[in-house]
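First comes the structure, then the notes that go with it.
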Amino acid sequence: TAMKGRRVPLVLVLVACLPWCRGYVSQARRRFLGHVAGAAPWCLLAPPRVALGRGTDEYAVKVEDGDLGLELEDLSRGIGELRVAVKRVIEGSPADEQGVREGDILVSINGETLETMAAGRASQKIQSAARPCTLVLRDPSLFQDMLQPPTAASGTDKISTQVAPETRSRGAQEVAVQRLVVPTLCTEGAARGDLLEITYEARLKDGKLVDGASISIDGQSLAGRGGDSSIFFVLGQQPRGQFPPGWDVSLIGMCVGEAREITVPPVLAYGSKGIPRRGIPPNSEIVYKVVLLSRNGDASPR
């Protein structure tokens with residue numbers, strides 16, 4: 001310990017831990033680690049968030065007394081609903097120490113919903129809530145993180161996220177993904193911009209078949225399909241109206257050979273108009289079974 005330069009191995013240990021990071025680092029810890037190894041935002045040194053269950057992107061923050069340390073803002077996601085998001089996390093606050101991040105969405109305080117509220121009203125609700133209090137938030141990135149390999153190889157738990165809150169005129173809009181088949185080799189999942197070849201079928205909640213890769217209507221194949229038993233599309237860049245937007249959300253991280261059941265709500269399917277010609281009523285939830293056949297022209301599992 002008296003030898004000059006013996007502090008160096010300690011720094012190397014900190015650097016070595018970072019590639020296996022899984023938790024969240026508070027702003028103060030992040031600055032310290034940034035001086036050591038480039039400000040990695042995740043690390044095992046940080047306390048984990050309190051998850052609300054497997055397959056969910058919601059987590060809880062608990063505060064015994066005082067202020068949470070959050071600045072809020074209104075967020076519109078382009079699907080007709082106002083939500084409240086975290087604009088800023090005050091350094092050293094309970095929210096910072098428990099891993100709240102900018103962009104996380106507020107769900108409830110002490111069991112009372114904060115969804116569809118304006119930021120000002122939500123802030124008042126939080127400030128006036130009895131202490132100790134429990135704030136539930138949703139991390140928009142967690143849903144797609146849970147769809148990525150190697151998570152895919154660890155099981156077939158149902159994974160879901162709410163893309164729009166419940167209103168007086170409709171129920172909550174939830175996307176749910178369940179892996180039906182996970183190939184033994186599954187380390188490289190689909191990413192935005194990838195050319196995917198899939199086969200699929202789509203049914204209403206009552207089980208009625210309404211669409212599929214090789215389905216025909218009045219004896220005619222669908223436009224652009226050419227009667228093929230599979231279709232190609234670019235993930236995240238498909239022409240509007242050609243395929244349901246829910247695919248862009250739910251096929252992320254899918255491996256070649258993987259099969260998924262995907263439940264898509266109306267706001268990410270065919271909306272309030274439906275497609276009467278295909279027998280899809282307005283405001284229909286669609287259940288897809290999708291198999292990924294190839295990715296960027298490669299049908300080999302990876």
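Screening region 262-302 for residues that are among the basic types (Lys, Arg) and part of a strand (DSSP E or B) and picking the one that is farthest from ALA164 (Cα to Cα) gives ARG295.
Within region 203-221, take every residue that is hydrophobic (A, V, I, L, M, F, W, C) and assigned to a strand (DSSP E or B) and give me the one that is modelled with the lowest pLDDT.
ILE217
Taking every residue in region 82-102 that is farther than 10 Å from VAL61 by Cα and pairing it with any residue that is of a type in the set (Phe, Trp, Tyr) and surrounded by 14 or more Cβ atoms within 10 Å (Cβ to Cβ), at least 6 positions away or on another chain, the pairs with Cβ-Cβ distances below 9 Å are ARG101/TYR24. Somewhere in region 108-122, is a residue in contact (Cβ under 8 Å) with a residue 12 or more places away in the chain and in contact with a helix residue (DSSP H, G or I) (Cβ under 6 Å, 6 or more places away or on another chain)? Checking region 108-122: at least one residue is in contact (Cβ under 8 Å) with a residue 12 or more places away in the chain and in contact with a helix residue (DSSP H, G or I) (Cβ under 6 Å, 6 or more places away or on another chain).
The set of residues in region 248-261 that are part of a strand (DSSP E or B) and surrounded by fewer than 23 Cβ atoms within 10 Å (Cβ to Cβ) comprises ALA259, GLU261. When region 231-270 is filtered for residues that are closer than 20 Å to LEU209 by Cβ and of a type in the set (Gly, Ala, Ser), the ones remaining, listed by number, are GLY246, SER250, ALA259, ALA269. Going by the structure shown, is PRO281 modelled with pLDDT of 90 or more, more than 22 Å from ASP157 (Cα to Cα) and of a type outside the set (A, V, I, L, M, F, W, C)? Against the criterion (modelled with pLDDT of 90 or more, more than 22 Å from ASP157 (Cα to Cα) and of a type outside the set (A, V, I, L, M, F, W, C)), PRO281 qualifies.
The values are calculated or read from the model by the stated rules, or taken from the named source; none is laboratory data. Keep in mind the model is a prediction, meaning the values are calculated, not measured. Glycine gets a Cβ as well: all are built from the backbone with ideal geometry, and neighbour counts include every protein chain shown.
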